[in-house]
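J.: Sharing a structure with you now.
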Amino acid sequence: MSGTTKKRIALATLGCKVNYCDMEALATLFKKHGFELVDFDQEADVYVVNTCCVTSVAASKSRQKLRKAINEHPGALVAATGCYAQTAADELAGIPGIGIISGVQPRAGLVEQVEAILAGLVPEDVKQPARAATFRQFEEIPTSFSEGRVRAFVKIQDGCNESCAFCIIPRARGPSRSRRPEKVLAEVQDLMAQGFGEIVLTGINLGSWGLDLPGEWRLARLVEELARLPEMKRLRLSSIDPHQVSDELLEVMAGHPEVMCRHLHISAQSGCDKILEAMRRRHSADDFRQLVERMRRLIPEVAVTTDIIVGFPGETEADFEATCRFCREMAFSRINVFPFSRRKGTIAYNMPDQVPSEVKKERVRRLMELADELSLQFHEGVIGKTVNVLVEGTSDAYPGYMQGLTDNYIRVHLPVPVSGNKALDKGIPLGQLVPATPVSAFSFGVKAN
């Protein structure tokens, strides 16, 4: 960038962990081009919103964030990027004040567009993202982000080849594409050298990693390679679909108990076969049951978390009750509950028998009550046992406590006096694995002595 004064840029992101990885990559690119990063509520020359479109609420929040930047900073350049920008460029083009509409790829192109406009030029197609269907290669730029420099999320895959009736993400992200294994290994080793205590592999459709790569690469092989790294403390997988959890992957997890987290987030979406078929999911309720049985046989005390959509078109009260029974039977340790959200461009958008919003709200309430009950039961299972906790920082629930996660995704609150981000009397640094004995349980975690 020419000139002696750095241009100030503010970045905000909405949505999933992959979106946060993407925003971290954008931050790295802008810094390399001489920009100074500032908080979104500070004065800046450029404001970039990394949008989300997974639900109508996410899309609405994206628009609100963009309008906030436009209204509060009328002289600044405002850019929309990410999934909502990719799928609804025409809608965003109707909002006065948005200067750039960029999709999910290429991110380097957004930096070039910003620099050109700041230089007084008018690039072509500044409000027309590239077609997601044309994305064929994983965009290789730094793709990790961290939570308090304790847990690092590493994006290893993008896009999705599935055709779930409710989901707009394949339209936003394009076909599945995998990051090269040597690139993944190199970044993970770099993060471990920086002292991160846990590596979390993430992607839009994580289980499809490797299917587009030459050779015999599959997710299980990559996980095996990473688990064997001598510096690895903890390795966790993010969300994965049931049909992608292979026996080989489970055997790898069971074979490296010292580093592999006993936790999988497996997206069920429903426990009713009629609804699963309407959703165009590639598993039945019984397929899921058999998978969980294998997991619990191979990996003792494994945590199984999931996503459930309630109020999908055609869902009757009996269908919903079948899902509730399924969730109780599976004994999920955590359930993310979502009301069905109609998204233009999806198969489910025009399906008959749309469920009224008040019915969806009531079903969400009932399932969340069950989710809290199941979480409490899982957490009660560790009372009096010694668990290892990755210390992340001060507790947000108990003054004078620290908090962290067990490998099977239980949040533990530890009675360690703290000042700022440093433990005092026991000298426990953030990112340290420490033993603890839970003495009480709640739906949101456990308290240790």
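J.: Any idea how far apart residue 72 and residue 134 come out in nm if each label point goes 7 Å out from Cα toward Cβ?
T.: Reported label-point gap for residue 72 and residue 134 is 3.5 nm.
J.: I'd like to compare 336-343, 35-42, 194-201: which one has the highest average count of other Cβ atoms within 10 Å, and what's the full order after that?
T.: 194-201, 336-343, 35-42
J.: In addition: Report D for the chain in µm² per second (integer): Stokes-Einstein, Kirkwood Rh on Cα pairs, 10 °C, 1.306 mPa s.
T.: Once the numbers are plugged in, D ends up at 68 µm²/s.
J.: Compute, for the chain, the length of the dipole vector about the Cα centre, with Cβ point charges of +1 (Lys, Arg) and -1 (Asp, Glu) only. Units Debye, rounded to 20.
T.: 360 debye
J.: Springs between alpha-carbon atoms under 10 Å, Gaussian network over the chain: tell me which of 392, 321, 24 tops the mean-square fluctuations.
T.: 321
J.: For a quick protection proxy, order the peptides 380-388, 274-282, 92-100 by their average other-Cβ count within 10 Å, most packed first.
T.: 274-282, 92-100, 380-388
J.: Quick one: if the Förster radius is 45 Å, what FRET efficiency do residue 193 and residue 350 give, using the C-beta to C-beta distance and rounding to 0.05?
T.: The formula returns an efficiency of 0.30 here.
J.: Just want to confirm a number: the relative contact order over the chain, from Cα pairs under 8 angstrom separated by 6+ residues, in percent.
T.: 10 percent
J.: Still on this model: Whole number please: convex hull volume per residue of the Cα set in segment 8-130, in Å³?
T.: 92 Å³
J.: A follow-up question, please. For residue 231 and residue 40, compute 0.36 nm times the residue count separating them, minus their Cα-Cα distance, and round to one decimal in nm.
T.: Here the answer is 65.2 nm.
J.: Please compute the Kirkwood hydrodynamic radius over segment 144-378, one decimal place, Å, based on all pairs of different Cα atoms.
T.: Every distinct Cα pair counted, the radius reaches 18.8 Å.
J.: Run the numbers for residue 183 and residue 251: contour at 0.36 nm per residue of separation, minus the present Cα-Cα distance, in nm.
T.: 22.0 nm
J.: Could you sort 46-56, 161-171 so that the peptide with the highest average Cβ count within 10 Å comes first and the rest follow in order?
T.: Per-residue Cβ counts within 10 Å, averaged per peptide and sorted highest first, yield 46-56, 161-171.
J.: For labels at residue 64 and residue 116 in the simple 7 Å Cα→Cβ model, what's the distance in nm?
T.: Between residue 64 and residue 116, the simple spin-label model gives 3.4 nm.
No lab work stands behind these numbers, since they all come straight from the coordinates. Note that the structure is a prediction, hence the values are computed from the model and not measured. No Cβ is skipped: glycine too gets one built from the backbone with ideal geometry, and neighbour counts run over all protein chains shown.
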